[in-house]
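The values are calculated or read from the model by the stated rules, or taken from the named source; none is laboratory data. A quick note: this is a predicted structure, and the numbers were derived from the prediction, not measured. Backbone-built Cβ (ideal geometry, glycine too); neighbour counts: all protein chains shown. When the accessible area is computed, the model is the full protein with side chains, heavy atoms only, and any ligands, DNA or RNA have been set aside. Shrake-Rupley method; radii C 1.70, N 1.55, O 1.52, S 1.80 Å.
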Number of protein chains: 2
Amino acid sequence: MQLVRDPDAATALTFLREELTALREEKGRLVQVVADCAIQYQGRARSMLHRGERLLLLKPDGTFLVHTATKAKPVNWQPPGATFHAEVEDDLLVLTAYRPKPEEIVKVTFHAISVCIAVPIRDAEELSLVGSEDDLQELLFRHPELVEPGFVPRRRERDSKRGFYDLDGDDAEGRRLVVEVKRGTAGVKEAQQLWRYVEPLRAQNPDGGVRGVLIAPRVAPKARDLLRDHGLEWKELDWEEVLPKVERLRRVGQVGLGTFS
Amino acid sequence: MQLVRDPDAATALTFLREELTALREEKGRLVQVVADCAIQYQGRARSMLHRGERLLLLKPDGTFLVHTATKAKPVNWQPPGATFHAEVEDDLLVLTAYRPKPEEIVKVTFHAISVCIAVPIRDAEELSLVGSEDDLQELLFRHPELVEPGFVPRRRERDSKRGFYDLDGDDAEGRRLVVEVKRGTAGVKEAQQLWRYVEPLRAQNPDGGVRGVLIAPRVAPKARDLLRDHGLEWKELDWEEVLPKVERLRRVGQVGLGTFS
DNA sequence: CGTTAGATGTCGGTT
DNA sequence: AACCGACGTCTAACG
């Protein structure tokens, strides 16, 4: 672990140059800088942040993050793929993170640096997550009675002219039934999404009585209005109740995820 | 600045307890922990992350972030509003970040801690950004000829039955014209959004010939199909060319944002 | 507080 | 590379 406290511009430059080289060579490594700095961004938009103290994170994959004392999202950033460059301009240390496509640049001008830290962080593990929409889709595919009795699913995630729909099959009376699944509250947007899939099917097959069902733990009032207007249906389903079934389907890294204290 | 290297569980517990108290009292403060740890999450979904080294960030507003050596997004997190709690369980230090609504918990079990750091970061500045959709909307409101010659905008961001639309006015021939503005490529979703606004207006006013135009730097092929099908229009507009005008409208913190090296 | 829509969204999958 | 949709999205604005 490398650590420098209150370095001047020259010292910090040396530190950064060394660590940036190390970053490029070693994957599991992380550079943290706490500093009083000003930040400019130019790319898809443009921004300016006047002097203040922030935490900067530089990752070996070219990720750059600037965090303040509040909020979950960084105030400035660069996604993976950026290249870092450090130099001294007018006695001030300047760090740039450049991303070629789309062409974007974040430029940090340092006024005072509290601390620079570089640490190796080795991590071979991948996050395993249960409860995504894909899990719910699979659950409904395997337990179609949760959609409605007699539902026979045919396909999952098929490309249609206007996008993808989650589930596609036939109801008890042989009518085509398109299902849109949402893990959270479904709003107008989601209702519209279902309509987008059903509309062309009905146009194609005017006598077929194509049905569309939106399944979510909650469907917002305006979404219901839209569904009604277009002859679509919805069903509220509490995933909490069905999640245990999902977990039985796909064990999370062989480790149960029961309630923990 | 507080710093502890390679603390044992008891030392780290003391450090964390002290710093968590300080966090609650002092707004501009940040705690960083680099550690080998396992992480469980339970809430809207559930996740499990096996032992590995990560960087943890604890912010005074109750934000919690867990970063690995790659990616811009934290592998686990808690948005502002969480409360932290540290204790020792079975000789292992455990940190929890609890969020009441929705009820979610992130639980970190430490196996080895490389370093704990707590720093004050004072930052009174706010980010000023140019190039948001709102900026573009304002630009078109003030320069309606960019939409089309003869366009007279009436309102911005009005609530309609089915949501908000960006601009609303009359074209050269007195027909109602609804404009949807996008800062990036417009896809099917955005085309559908425009249709959502125009559809009820046309139903309300069948003879009015209500027009809808989607304005974006680029409109995807499928989006064009949908627009054509519904008698809607689009116009591709390069914001790069018009951004200078936006900046003239709203100076970014009184500081020009010209191209910088 | 719920609802809505934007975001420099980021990210992963598929054509 | 472009396109598309999910995300534990987060976040601000508004009723």
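Tabulated data
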item: Cβ-derived FRET efficiency at R0 41 Å, B:Gln204 paired with A:Arg142, nearest 0.05; result: 0.35
item: For A:Gln2, label point 7 Å along C-beta direction: distances to other copies, nm; result: 2.8
item: Computed lengthening from B:Arg155 to B:Val242, 0.36 nm per intervening residue step minus Cα-Cα distance; result: 29.2 nm
item: Nitroxide proxy distance, nm - points 7 Å out along Cα→Cβ at B:Lys101 and A:Val88; result: 5.4
item: Interface residues in region A:189-210 - accessible area drops by 10 Å² or more relative to the isolated chain, probe 1.4 Å; result: A:Lys189, A:Gln192, A:Trp195, A:Arg196, A:Glu199
item: Across the identical copies, how the A:Glu87 labels are spaced - nm, sorted shortest first, 7 Å along Cα→Cβ; result: 5.5
item: Positive-end residue, the protein assembly as shown charge dipole about Cα centroid, Cβ charges, pick of B:Thr70, A:Ala45, A:Ser128; result: A:Ala45
item: Distance (nanometres) between label positions extended 7 Å along Cα→Cβ at A:Asp6 and A:Asp229; result: 6.5
item: Where B meets A: accessible area buried, both sides, 1.4 Å probe, Å²; result: 6900
item: Highest-MSF residue in chain A out of A:Asp90, A:Asp135, A:Asp61 [GNM, Cα springs under 10 Å]; result: A:Asp90
item: Percent carbon-and-sulfur accessible area, the protein assembly as shown, ignoring ligands, DNA and RNA, probe 1.4 Å; result: 48
item: GluC sites (Glu not before Pro) within region B:13-108: DSSP coil, no more than 12 neighbouring Cβ in 10 Å; result: B:Glu103
item: Set A:Lys222/B:Lys235; A:Lys189/B:Lys73; B:Lys27/B:Lys73; B:Lys73/B:Lys222; A:Lys222/B:Lys101; A:Lys59/B:Lys189 screened for pairs whose C-alpha atoms are more than 27 Å apart; result: A:Lys222/B:Lys235; B:Lys73/B:Lys222; A:Lys59/B:Lys189
item: Rg to Rh, two decimals, where region B:2-119 supplies the alpha carbon set and Rh follows Kirkwood; result: 0.93
item: Most fluctuating residue given options A:Arg176, A:Arg44, A:Arg122, as computed from a GNM of chain A linking Cα atoms under 10 Å; result: A:Arg44
item: At most 14 other Cβ within 10 Å, DSSP loop - GluC sites (Glu not before Pro), region B:106-215; result: B:Glu126, B:Glu173
item: Rg/Rg_ref, region B:70-218, where Rg_ref = 2.2 N^0.38 Å and atoms are Cα; result: 1.69
item: Cα gyration tensor of the protein assembly as shown - equivalent ellipsoid semi-axes, whole Å, descending; result: 45, 34, 18
item: Probe 1.4 Å, accessible area per residue of chain B, Å²; result: 45
item: Cα-based equivalent ellipsoid of region A:1-50: semi-axis lengths in Å, sorted from largest, via gyration tensor; result: 24, 17, 9
item: Highest-fluctuation residue, B:Lys222, B:Lys27, B:Lys71 considered, GNM on chain B with Cα pairs under 10 Å; result: B:Lys71
item: Helix-only [θ]222 nm of chain B, DSSP H runs n ≥ 4, -39500 (n - 2.57) each, per residue, nearest 500; result: -7500 deg cm²/dmol
